[in-house]
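Structure first, then comments.
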Amino acid sequence: MADILVPVLGESVTEASIAKWTKKSGETVKKDEVLVELETDKVSLEVASPSDGVLTILVGEGETVTPGVVLGTVGGAGSSVSPAAVAAPAATPAAAPAPVAAPAAAPAAAPSASGTLLDVKTPVMGESVAEGAISTWRKKKGDAVKKDEILVEIETDKVAVEVASPADGTLADILAADGATVTPGQVIARISTDGSVAASAPAAAPAPVAAPVAAAPATDKPLSPSVQRIVTETGLDPNKVDGTGKDGRITKGDALAALSAPAPVATVPVAPAPAAPRAIGPREERVKMTRLRQTIARRLKESQSTAAQLTTFNEVDMTTVMALRATYKDAFEKRHGVKLGFMSFFAKAVVAALKDIPAVNAEIDGTDIIYKNHYDLGVAVGTEKGLVVPVLRDVDTLSLAGIEKGIAALGKQARDGTLSIDQLQGGTFTITNGGIYGSLMSTPILNMPQVGILGMHNIVQRPMVVNGQIVARPMMYLALSYDHRIVDGKEAVTFLVRIKEGLEDPQRFILDV
C-alpha cells in the first residue's frame, strides 16, 4: 500500500486546499495517473498516483492540508483501510508524516531499454529549507562517473550541498540545468549503470515568484488559498459571495463568477507591480545575488521589521587581557596547539553575563518567553559568499583552549563552505567582531529569533583618567543590540557592565564571581 502525500509546495507556501479528486474511493488507478488537484495561494498542483492499485480517499474536497499530509492510499486489489484510519483527521499537523523527500543516498532504480537507470535526487537539505538552486554541474551528460563522486552542487539559502553519484556508470541525463530551482526528493539526473545514455528531458524551470498583494477584506468565512488570493488581489468582499462548496464554502469558481457579475464590486487598490530592472551603462555590471546573499538581505530586513531593536554602548579597558595574552600566548599555543586570541575571553565574559541576565538568553514565541538554560554562541564569520553565523555549543562547559579550537574550526569550515545545517541553527546569542576590519563603533542587527548580539570593535590607544592621572590605555567600544520587547534598558546596560567587569578583571572567571 502506497501513501498519497501532499508535496513540498514551494518557498513560503505552507498550506493548500483540496480542489478536486479526479477519482473516487474504490476505483482502480494507474501509476502516475492524476488523482487530485491542490490549490495554493500561488498555483494549482496535480498529485499523481504513486503506484497501480485501488484508491482510498482520506481527506475530502475543500479541506486544508500541509506538506507531508497523507491524502489517501493506493493499495492492491481488494485492499481496504480501517474505518478508524479513514475517520482520522489526516490534515492535523501533529499526525503528518515526514515529507516525501528522500536522501540521494537511496536512489530509485528504473529499467531502461538497454540496462538500469538510477535516479539522482535532491537530498533533504535541513530544517526549514524547502528548496535550493543548481549551482554547478561538475560532470556533463555522457561522462563516466564513479560511485560517491560529486556530480553537482546545490546552493540553498544557508549552505551549499554536494550531491554524489549513487553508483559507477555514465551520467545518462541531466534533468535540472544550472540555475534551476529544485526541491527535496526531486530527480535531477539519472545514472546508467551499463553506459547507455537516455534522451534528455526538459530542464526544470525556476519557480514563479509571487507578486506583492494588498490586504484582503475581513471575513469570518474559511477561505481556500486560491480564493484568498483572488480576494486579496481584487478586493472582492467574500461576505457578499454565495458559496456552493462543502458546508457553504466559497470555491474558486464562485469567486470568479462574482467578479464577472454585472453588479458593482467594491475594490481596493492593488499593490503596483515591481518596476522593471533599470538599464545599465557600459561601465556597470549586473550580477544576480546568490541565494545566501538574498537570504541575508531578507533576514536582516525581517529582523528590523519584527524586533524592537535598540543598541546600548560601553567601553572596556583591554590592558589586563592583552597583558595575559602577551605573557602566556607562546606557552598556550605550545600546550594546546591553537593561538590564544581575544574571542575566548569575550565568550567567557558573555556566558557569565547571560547567566546573570537570563532575559538576554531568551526568545519570544508568540505571547510566551522561552528562557534558554544552555549557552550556544553564534560567531559571525565573513566569507567570500557572505556572512554566516556558525554556532559553538555549550560554551559554558569549555575552557579557553576549547573555545579557541571550536571557533577556529568553525571559521575554517565557513570559509571552505563545508558547514552543515545543524552548525548554523540553534544559537542563543551572537558575537560579531567588526574590529578585525578596523571598525571603531557599530550597531549590529539581531540574528532572529535571538534577542541579543554583542558587537566588538577595534582596540585603540586613548587617553584615560586613571587614579587622577591621564594615561594611554587600549580601549574598545562594546555595542549590545537587544530586543526591547523582552529586554529592558536596565538589563541591557547591566549586561554590558558585567562583560566589562569580566574583561577588565579576568580572575572573575576563575573565582566565578
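The values are calculated or read from the model by the stated rules, or taken from the named source; none is laboratory data. Everything numeric in this text was worked out from a predicted model, so none of it was measured. Reconstructed Cβ throughout: ideal geometry from the backbone, glycine too, with neighbour counts over all protein chains shown. Only protein heavy atoms, including side chains, enter the accessible area calculation; ligands, DNA and RNA are left aside. Shrake-Rupley method; radii C 1.70, N 1.55, O 1.52, S 1.80 Å.
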- Task: Quick one: of Lys329/Lys500; Lys355/Lys405; Lys20/Lys301; Lys355/Lys385; Lys334/Lys355; Lys339/Lys372, which pairs are farther than 28 Å apart, Cα to Cα?
- Result: Lys20/Lys301; Lys355/Lys385; Lys334/Lys355; Lys339/Lys372
- Residues in the stretch 326-359 that a label on Thr306 would reach, taking backbone N under 20 Å of a point 7 Å out along Cα→Cβ: 359
- With a Förster distance of 22 angstrom and the Cβ-Cβ distance between Thr383 and Ala164, calculated FRET efficiency to the nearest 0.05 equals 0.40
- Query: If R0 is 30 Å, what FRET efficiency do you get for Arg508 and Tyr371 from their C-beta distance, rounded to 0.05?
  - Reply: 0.80
- Message: Run the numbers for Glu46 and Gln461: contour at 0.36 nm per residue of separation, minus the present Cα-Cα distance, in nm.
- Response: 142.7 nm
- Calculated log₁₀ intensity ratio I(q)/I(0) where the Debye formula runs over C-alpha points of the stretch 292-359, q = 0.15 Å⁻¹: -0.80
- Message: Can you give the FRET efficiency to the nearest 0.05 for Asp396 and Gln469, using r as the Cβ-Cβ distance and R₀ = 41 Å?
- Response: 0.60
- Sparse-neighbourhood loop sites, trypsin sites (Lys or Arg not before Pro) in the stretch 424-513 - DSSP loop, at most 14 other Cβ within 10 angstrom: Arg485
- Query: How far apart, in nm, are two points set 7 Å out from the Cα along the Cα-to-Cβ line at Lys30 and at Met1?
  - Reply: 2.5 nm
- With N set to the residue count of the stretch 396-513, report its C-alpha Rg divided by 2.2 N^0.38 Å to two decimal places. 1.24
- Task: At 0.36 nm per residue, minus the direct Cα-Cα distance, what do Thr22 and Thr295 gain on full extension? Give it in nm, one decimal, please.
- Result: 94.4 nm
- Of all accessible surface on the stretch 336-414 at a 1.4 Å probe, what whole percent is carbon and sulfur? 54 percent
- Among the trypsin sites (Lys or Arg not before Pro) in the stretch 281-385, which ones are in a DSSP loop with at most 14 other Cβ atoms within 10 Å of the Cβ? Mind listing them? Arg283, Arg286, Lys288, Lys339
- Modelled label-to-label distance, Glu284 and Thr443, 7 Å Cα→beta-carbon offset: nm? 2.9 nm
- Note on the structure: For the stretch 386-513, dividing by residue count, accessible area per residue (probe 1.4 Å) in Å² works out to 48 Å²
